[in-house]
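Novice: Once you've had a glance at the structure underneath, I'll fire off some questions.
The values are calculated or read from the model by the stated rules, or taken from the named source; none is laboratory data. This structure is a prediction, so every number in the text was calculated from the model and none was measured. Every residue, glycine as well, gets a Cβ built from its backbone with ideal geometry; the counts of neighbours run over all protein chains shown. Ligands, DNA and RNA are excluded from the accessible area calculation, which covers all protein heavy atoms including side chains. Shrake-Rupley method; radii C 1.70, N 1.55, O 1.52, S 1.80 Å.
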Amino acid sequence: MEANTLPVMAPAIPEMFLAVAGMALLMIGVFRGGPRIMSEIAYMTVGVFAVTAILVLIYGGTSEEPVFFDLFAVGPFAQFTKILILGGSGLAIIMSLDWLKAERVDRFEFPVLILFATLGMMMMVSANDLIALYVGLELQSLSLYVVASIQRDSLRSTEAGLKYFVLGALSSGMLLYGCSLVYGFAGTTEFTKLAEVFAALGPAGPSIGLIFGIVFLIAGLAFKISAVPFHMWTPDVYEGAPTPVTALFAVAPKVAAVALFLQTMIGPFMELKGEWQQILSLVAILSMALGALAAIVQTNIKRLMAYSSIGHMGYLLVGIAAGNEQGVMGVLVYLAVYLFMNVGMFACILSMRQGGRAVEGIQDLAGLSKSNPAMALALLVFLFSMAGIPPLAGFFGKYYVFAAAVAEGLYILAVVGILTSVIGAFYYLRIVKIMYFDDAVEPLDRTMAPVQRWVMTVAGVITLFFFAMPGPIVDMAQTAAKTLLG
């Protein structure tokens, strides 16, 4: 490329708009101030996400020329995942407002930090180079480190932020070391050129140094999705961080990290499928097993959701390990379903209060079917869906990834997935039993914030009736999968 050549920038307009809007909102918050500034900035941030989603639909389709000198990728795959990321981040902000006000943590920096984290997630999804991948990942991570400890007066929140930062720095180092090894043995960091290099390796296959690079790269990415054995931060951060932050961690960053996993493994490293498939299969089995078994003994619902997310990441890794079009489509459908289930679940968790005080114990849900039958019914739908009970939405997500594993001949993955789903159903059903059959010592408050009630209702309806109209999401996921496999 010539030094004076301008890059093609139009497909990156959504990211550029988001970056400029974030800086503008930061300036507004600093110079305007006032008691209502957090709510105003939060709603403006959600509006920015809505505009960005429209720009993604307009400009994020395809590009005839390389974008930013081929460092940035666009297409149906990036479009699909970016819409999920923007939706998850926007809903996390909306749900958090009443909780933050009640706990006196209403700082305007909270939605702005989520905006910059979302910008990093979108850059991760569109990364077409190992350096661009790392920049997007760090932009997301640095913002989330601060968000995790936003409740500065809380020892638990500060501890959660510190643990996340220390372990996140370690994972970033491993990821960067893996990128440097891949560059050293392949001679390039661009995804398209890496694919060409790997395709030309011949019968000798990759060198041992290149395999080590892939291992370190997978280790860094596995930390971001909290897959075993890089899950150690998840339960403590989920429990210690403010509940709205936990709700954010459970949706948008997971979508972005899984999309990044797909973008790298199915993209430039597809020719080395025989090497990374074994690693991902082992990580998937360990994640599914730990997520199913460790959650059984939990008494805090946020820690239970942490182990539940580890299990779900294991199921998603089954689809990635399959490495075929059916697997990619299954992962994308699963991500969409996972977003709705978790958003609805955390809308209920954010509403758990006794005498105006936020509570997190699973036993606090005792007698909920009598004190708040609507919320109990919604929780039942989300819990059954997470367990994979048909005909709820969660069943379809698991069905697609297990079917992809069977089609690829990965029978052990499918069998372990089904067995761990059965084991995992126990702790979901235990919560249902507590809600409907146990008597409450002190019932939860009946009041729910209107926004949380609305989010819970919409997410519940989509989760319950997904089987009636799965077409739109499945068709978009299939188109995205075909594009990624190209």
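Novice: Test of understanding: among Val56, Val20, which residue is over 23 Å from Met456 (Cα atoms) and open to solvent by less than 60 Å² (accessible area, probe 1.4 Å)?
Specialist: Val56
Novice: In the range 100-123, how many residues are farther than 18 Å from Met27 by Cα, at pLDDT below 90 and part of a helix (DSSP H, G or I)?
Specialist: 3
Novice: All but one of (1) more than 24 Å from Thr192 (Cα to Cα); (2) touching an Asp or Glu at 6+ places or on another chain (Cβ under 9 Å) hold for Met345, so report the exception by its number.
Specialist: Failed condition: (2).
Novice: If we keep just the residues of the range 356-381 that are among the small types (Gly, Ala, Ser) and assigned to a loop (DSSP other than H, G, I, E, B), which is surrounded by the most Cβ atoms within 10 Å (Cβ to Cβ)?
Specialist: Residue satisfying both the conditions and the ranking: Ala366.
Novice: Confirm whether Thr463 is open to solvent by 60 Å² or more (accessible area, probe 1.4 Å), in contact (Cβ under 8 Å) with a residue 24 or more places away in the chain and among the polar types (S, T, N, Q).
Specialist: no
Novice: Output the residues belonging to the range 429-450 that are open to solvent by 40 Å² or more (accessible area, probe 1.4 Å) and not in a loop (DSSP other than H, G, I, E, B).
Specialist: Leu429, Arg430, Lys433, Tyr436, Phe437, Pro450 - these are the residues of the range 429-450 that are open to solvent by 40 Å² or more (accessible area, probe 1.4 Å) and not in a loop (DSSP other than H, G, I, E, B).
Novice: Would you tally the residues in the range 297-355 being in a helix (DSSP H, G or I), open to solvent by 10 Å² or more (accessible area, probe 1.4 Å) and polar (S, T, N, Q)?
Specialist: Of the residues in that region, 1 qualify.
Novice: Pick from the range 142-185 the residues that are over 20 Å from Glu360 (Cβ atoms) and touching a residue at least 60 places away in the same chain (Cβ under 8 Å): which of them is surrounded by the most Cβ atoms within 10 Å (Cβ to Cβ)?
Specialist: My answer is Leu144.
Novice: Please go through the range 223-258 and pick out each residue that is over 30 Å from Tyr183 (Cα atoms) and not in a helix (DSSP H, G or I).
Specialist: Ala241, Pro242, Val251
Novice: Same structure, new question: Among the candidates Gly209, Gly220, single out the residue that is assigned to a helix (DSSP H, G or I) and surrounded by 22 or more Cβ atoms within 10 Å (Cβ to Cβ).
Specialist: Exactly one of Gly209, Gly220 is assigned to a helix (DSSP H, G or I) and surrounded by 22 or more Cβ atoms within 10 Å (Cβ to Cβ), namely Gly220.
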